[in-house]
1. Among the candidates ARG345, ARG329, single out the residue that is basic (Lys, Arg), modelled with pLDDT under 85, open to solvent by less than 30 Å² (accessible area, probe 1.4 Å) and under 30 Å from VAL263 (Cα atoms).
2. Considering VAL87, VAL36, which residue is crowded, with 17+ Cβ neighbours inside 10 Å and either out of contact with any helix residue (DSSP H, G or I) (no Cβ under 7 Å at 6 or more places or on another chain) or at positive phi (or both)?
3. Testing GLN362 on (1) at pLDDT 90 or above; (2) under 25 Å from HIS148 (Cα atoms), one condition comes back false. Which one is that?
4. So TYR288 clears everything in (1) modelled with pLDDT of 90 or more; (2) of a type in the set (Ser, Thr, Tyr); (3) open to solvent by 20 Å² or more (accessible area, probe 1.4 Å) except one condition, right? Which one?
5. Return the residue satisfying two criteria in turn: it lies in region 1-16 and is within 23 Å of the chain's Cα centre (by Cα) and open to solvent by less than 100 Å² (accessible area, probe 1.4 Å), and of such residues it is nearest to ASP264 (Cα to Cα).
6. Of all residues being in contact with a helix residue (DSSP H, G or I) (Cβ under 9 Å, 6 or more places away or on another chain) and among the charged types (D, E, K, R) in region 255-301, which is farthest from PHE241 (Cα to Cα)? Just the residue, please.
7. Given (1) free of Cβ contacts under 8 Å to residues at least 60 places away in the same chain; (2) farther than 30 Å from ASP358 by Cα; (3) of a type outside the set (Phe, Trp, Tyr), identify the lone condition not met by GLU77.
8. Out of (1) open to solvent by 20 Å² or more (accessible area, probe 1.4 Å); (2) in contact with a strand residue (DSSP E or B) (Cβ under 9 Å, 6 or more places away or on another chain); (3) farther than 30 Å from LEU8 by Cβ, what's the single condition that is false for PHE183?
Amino acid sequence: MPNWFRLLYYLSSAVKRAKWRPERLREYQEKKFRHVVRYAYDFVPFYHRKFREADIVPRDIKTLSDLKKLPIVTKDEFRRAPLDERVSSEFAVDALRAVQTSGSTGKPLKILLSEAESDWRKAIYMRANIFCGQMPRDRWVAITAPHHFGAVPRLQRSLGLYAQTCLSVFDVLDKHVDFVCRFRPHILDGYSGVLLLLAQEFEKRELTFQPKVVFGNADLIDYYSRKFLENVFDAPYCDQFGCAEVNRTAWNCLERDGYHMDVDSVLFEFVDGEGEAVSAGECGEIVYTSLFNFAMPFIRYSVGDLGSPADDFCSCGLKLPLMRVVEGRKDSVVVLSDGRLLSPRVFTVAMGMFKFYDWIEQFQVLQKKRDFFVIYLKMNHLRVDRELVRRELVRHLLKTLNVETLDVVFDVKFVDGFPLNKSGKHMAVVSEVVSS
């Protein structure tokens, strides 16, 4: 249950900060940055050890230019550290709220948040929607994972204030189409790949529907797919970018001239293969430093996403800096034997709901035929009952994906590792089937 006074304070403050002069915003960032570094050094064993190994103490960190003194932490390194070393000693693990990564890389990671941090994330998230024109009582539909369904408290829903109505990504496309046609939401939101399939179905049926704005997230879709969505729904498509560890970090405003970075919440660096900052307009790996995560801090944290920093500001008037190009992971659409198309995000969400998901270090879903999938699992426990995992995972996927009547076969294989693709990344969902 959010603390409403705290949440409203966070939201109103966040809206004001988006209009601050760059000099004032930088002073704010540096104050927060020094605080989180000092805190992590004092209370988080993982970072205390990392800083000592780099011969760094908090008094060495004074300005944003000192970021480069700190070691970059990869997602794999962070995952391998014991949980009690990653969590602040000031918090009891059982008292924290758990958030799970999307699984787009096939590597699960559980994030722990305090109640105040959870409220901060909500405020930063809603700021983008508000600047894109969303009003408190707008009808708002999101096609998302079932674990988000309880995100809107009963009081908020009864008042109808920014009350999101959620549809499951696992529902058949017909259900999404029927609900949207009846409900006629002002705001259409959800996983971008699923929204693209929805738009294709609207065009196929020659249906018309015009929301105020379409918000896409989770999946990365290309320029032409975005324009297709805008043409079908006759509304601006505003993409939202980020990761579960540090929340939504960048977003399109209605001008859609790049992505506004939430730099009052998360510091961005764009670095090359040697860890050096790239110039404006050049592509680099994004390294995050969260200014609000204290229960489980993320300092110079790299998740493998790519982006390109800009050196100017958006014509909308906001002073949050831009990154013009976002490049990242891109999976392939899955086509089933009945012709149904599924976004790869549906599979990663389904895997995240599996009751033995915490036993899995990494996974990959490979579609060989419309009715045949190979599920590769790398386990993080040597003594798990593999037959139990295999049997339960097949049962879970058949039920969750609503394919029990399609004679779909899931062949579960256990492996010691995965080859990377040509870009040097691991793809969690790959389809070798061409959709028509």
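1. Among ARG345, ARG329, only ARG345 is basic (Lys, Arg), modelled with pLDDT under 85, open to solvent by less than 30 Å² (accessible area, probe 1.4 Å) and under 30 Å from VAL263 (Cα atoms).
2. Working: VAL87 fails: either out of contact with any helix residue (DSSP H, G or I) (no Cβ under 7 Å at 6 or more places or on another chain) or at positive phi (or both).
Within the list VAL87, VAL36, the selection yields VAL36.
3. Single failed check for GLN362: (1).
4. (3)
5. Within region 1-16, the match that is nearest to ASP264 (Cα to Cα) is ALA14.
6. GLU276
7. Tallying (1) free of Cβ contacts under 8 Å to residues at least 60 places away in the same chain; (2) farther than 30 Å from ASP358 by Cα; (3) of a type outside the set (Phe, Trp, Tyr), GLU77 fails exactly one: (2).
8. (3)
The values are calculated or read from the model by the stated rules, or taken from the named source; none is laboratory data. Owing to the predicted nature of the structure, the values given are computational and were not obtained by experimental measurement. Methodologically, a virtual Cβ is constructed for each residue, glycine included, from the backbone with ideal geometry; neighbour enumeration extends over all protein chains shown. Heavy atoms of the whole protein, side chains included, go into the accessibility calculation; ligands, DNA and RNA do not. Shrake-Rupley method; radii C 1.70, N 1.55, O 1.52, S 1.80 Å.
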